[in-house]
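Encoded as structure tokens, here's the structure I'll be asking about.
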Amino acid sequence: NYQNIEINFFAKTNLLAKATLTGTLIQFFIQIFEINKVGLLKLKVSWLKTSREEKRIFKLILPASLASGLSQINVFIDMFFISSFTGAASGLAYGNLLVQAPLGILSNTIILPLLPKISKLIDKNQIKELQKILIKGIEYTFLSTVLLGGLFISFSDLIVELVYQRGAFDYEAFSTVKKILIAYAVGIPFYLYKDLLIRFFYSLEKTKLPFQLSLIGIFLNIAFDWILTGGPTTQFGNLFNFNFGVVGVVLSSGLVNLIIFSILSIKLNLNNYKIPNISLLKKIIFMVSSSIISSFTSRFLINNIYNANENYFSKIIILVLGFLSFISIYYLITKILKVNKLNLRLMFK
């Protein structure tokens, strides 16, 4: 019986691996097809000389690739610190999966469309227009990430329950992943803002600082992981009276992102790309306040119709209603407070 269960498990994981590989290959061939359509697939190989433009590309690619690789080191560091907590590794993976998909969509929706505009303005040396685009990008980044974080925090119980809670995923696992999801939600604005500034620096062809900050981030991550998990030592046990466990490890990543984007912001101001930090901070406070009000209001509405014994389909409807009520209230309040420049009419044209 045990052997049958083991065979069935490996058959399912093998199927998932094949499905992932198939999806990756399909995506690759679609991208190749689109690249070929715009005429970028015509390669000219020269073994004798390297053009000026090729040198510029390598100057950008190498630090970016190394920085991306260094970010994976932080994953191993986090795994090292949570290895002593039962079920923490799987809980971290579950929580991360819930966050990464919508965060990736936001990144592709907000940041990527700005990059061509930023590059053109840099080439034309239009500093004032560049500042306007950057500030607009920052405002939309915080407007959307505060909304996303608020949704995750407000409906973490329903989200985790609907996505994961079945079979061996018991109440203890549910409680762990819920806490991890909330911790991730707190750090979402820091992550996306840091991502925006790093890409802006790459557009300026200033790759040295982001790479250096990636190295510094590793040491900061070790320090914060160690502190927030109680300061563990081999001889004396934990040095601190507090231990946030796996939640502390997640919060550690948010703190590292906060420090990195703060340094990048200061560096931008020193390079004549003035960011109105005080004005932006006021707007962010209004956004967070709007999210808190939306959270309490939407949860109050949902609690009046939510029943733990509801069937799966009914819970999905309740979650959708919760999302819609939160988004509607958040949109109205941010419009009233004049921190939301989103025009719905233009979006649906």
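The values are calculated or read from the model by the stated rules, or taken from the named source; none is laboratory data. Treat the numbers as computed from the prediction; the structure is a model and nothing was measured. Every residue, glycine as well, gets a Cβ built from its backbone with ideal geometry; the counts of neighbours run over all protein chains shown. Accessible surface areas use protein heavy atoms only, side chains included; no ligands, DNA or RNA. Shrake-Rupley method; radii C 1.70, N 1.55, O 1.52, S 1.80 Å.
For K315, list the lysines whose Cα falls under 19 Å from its own Cα; do not include residues on the same chain fewer than 8 positions away.
Straight-line reach from K315, under 19 Å: K178.
Mind checking the dipole of the range 209-349: about its Cα centre, +1 per Lys or Arg Cβ, -1 per Asp or Glu Cβ, Debye to the nearest 20?
860
Right, next: Among I317, L342, S71, flag the residue with its Cα farthest along the positive direction of the charge dipole of the chain, charges on Cβ as +1 for Lys/Arg and -1 for Asp/Glu.
L342
If E139, E172, E310 are ordered by their accessible area, calculated over protein heavy atoms with a 1.4 Å probe, which sequence runs from highest to lowest?
Largest to smallest exposure gives the sequence E172, E310, E139.
Another question about this same structure. List, in order, the whole-Hz ³J(HN,Hα) value for each residue of the range 153-163 obtained from phi through the Karplus relation with A = 6.51, B = -1.76, C = 1.60 and θ = phi - 60°; use x for Gly and Pro.
Taking θ as phi minus 60°, the curve returns 5, 5, 10, 4, 5, 5, 4, 5, 4, 6, 7 Hz for the range 153-163.
Using θ = phi - 60° and the Karplus relation 6.51 cos²θ - 1.76 cosθ + 1.60, list the HN-Hα couplings for the range 265-277 in order, rounded to whole Hz, with x at every Gly or Pro.
Those phi angles translate into 5, 4, 5, 5, 5, 6, 9, 6, 9, 6, 10, x, 4 Hz.
Using unit Cβ charges (K, R positive; D, E negative) and no other charged atoms, how large, in debye to the nearest 20, is the dipole of the chain about its Cα centre?
Around 1940 debye, computed over the chain.
What order, most packed first, do the peptides 221-234, 276-289 have when packing is the mean number of other Cβ atoms within 10 Å of each residue?
Top of the packing list down: 221-234, 276-289.
If you take the beta carbon distance between K274 and S68 as r and set R0 to 25 Å, what does 1/(1 + (r/R0)^6) give as a FRET efficiency, to the nearest 0.05?
My answer for the efficiency is 0.30.
Looking at T234, I327, F244, which one has the Cα that reaches farthest to the positive end of the dipole of the range 216-349 (charges on Cβ: Lys, Arg +1; Asp, Glu -1)?
I327
Using the structure shown, list the pairs from K55/K117; K59/K208; K283/K341; K206/K267; K132/K283; K124/K341 with a Cα-Cα distance above 18 Å, or answer none.
K55/K117; K124/K341
Further, regarding this structure: Taking a cut-off of 17 Å between Cα atoms, list the aspartates and glutamates near K335, but don't count ones fewer than 8 places away on the same chain.
E139
Of the options L215, L147, S262, report the single residue whose Cα projects farthest towards the positive end of the charge dipole of the chain (beta-carbon charges: Lys, Arg +1; Asp, Glu -1).
S262
What are the residues whose amide H is under 5 Å from the amide H of G230, where those residues sit 5 or more places off or on another chain and H is modelled from the backbone?
Residues meeting the criterion, in which the H sits 1.01 Å from N, are F244.
Given only helices, namely DSSP H runs of n ≥ 4 each adding -39500 (n - 2.57), what is the per-residue ellipticity at 222 nm of the chain, to the nearest 500 deg cm²/dmol?
After summing the helix terms and dividing by residue count, I get -27000 deg cm²/dmol.
With Cα Rg over 2.2 N^0.38 Å as the read-out, I listed (i) 1.13; (ii) 1.74; (iii) 0.97; which label goes with the value calculated from this structure?
Answer by label: (i).
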